[in-house]
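Contents: one structure, followed by commentary.
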Amino acid sequence: MTRKAIYPGTFDPVTYGHLDIIARASILYDKVFVAVASSREKEPLFTAEERALMLKEETRTFGNVEVEVFNALVVDLAVSKSAKVIIRGLRMISDFEYEFQMALTNRKLNPDIETVFMMPKESYSYLSSRLIKEVACLGADISAFVPQNVENKLREKFKK
Ligand code: ADP
């Protein structure tokens, strides 16, 4: 049996925290699908394609990670990929309420799909795409938070 998992998110943009979760998942599962939600209601800074491209570049060295954009329900995407598991990252207790609600909603929508939570390395547990965008916009050094390529893309965006 091939164990497959999907890791859905907005990834606007991908951070070292997301990459830490992907690395952990890629050890536990035979195949990990990173699913980039278009999340139009969140008005992302990067288009879904730009976000997916950055993720592809950063996950190229993993042999079992695939990245794609999706618009469907996460549980439906899991079924279409024959994945039984949804991976989510948990940073602080503040993530818990929203993640708990979403996991139980997804279970109601499809009881065959399990949500698995993973904690990143402590030093990444305070990282959020939102804060990184805020400080990058003000010209801060963000090299400890995102890979070089992502940092360059953020700088380009804020130059415009
Ligand atoms: P979403 O809009 O789905 O919350 P995000 O890109 O913000 O999309 O997050 C995707 C997933 O990655 C979520 O489960 C979130 O908790 C997790 N995540 C975000 N940042 C980190 C981090 N620094 N460390 C670990 N997990 C994280």
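For the chain, carbon and sulfur atoms together expose 55% of the accessible surface, with a 1.4 angstrom probe and every protein chain in place.
Assuming R0 = 30 Å, what is the FRET efficiency of Thr61 and Leu104, from their Cβ-Cβ distance, to the nearest 0.05?
After rounding to 0.05, the efficiency reads 0.30.
Where in region 1-45 does the amide nitrogen come within less than 11 Å of the point 7 Å from the Cα of Asp95, taken along Cα to Cβ? Answer for region 1-45: 17-22. Seen from all directions on average, the chain presents a Cα convex hull projection of 9.3 nm².
Calculated accessible area for region 4-125 comes out at 54 Å² per residue, all protein chains present (probe 1.4 Å; ligands, DNA, RNA ignored).
The values are calculated or read from the model by the stated rules, or taken from the named source; none is laboratory data. Just so we're clear, the structure is a prediction, and the values are computed from it rather than from any experiment. A quick note on method: Cβ atoms are made from the backbone with ideal geometry, for glycine too, and the neighbour counts reach across all protein chains shown. All accessible areas refer to the heavy atoms of the entire protein, side chains included, with ligands and DNA or RNA removed. Shrake-Rupley method; radii C 1.70, N 1.55, O 1.52, S 1.80 Å.
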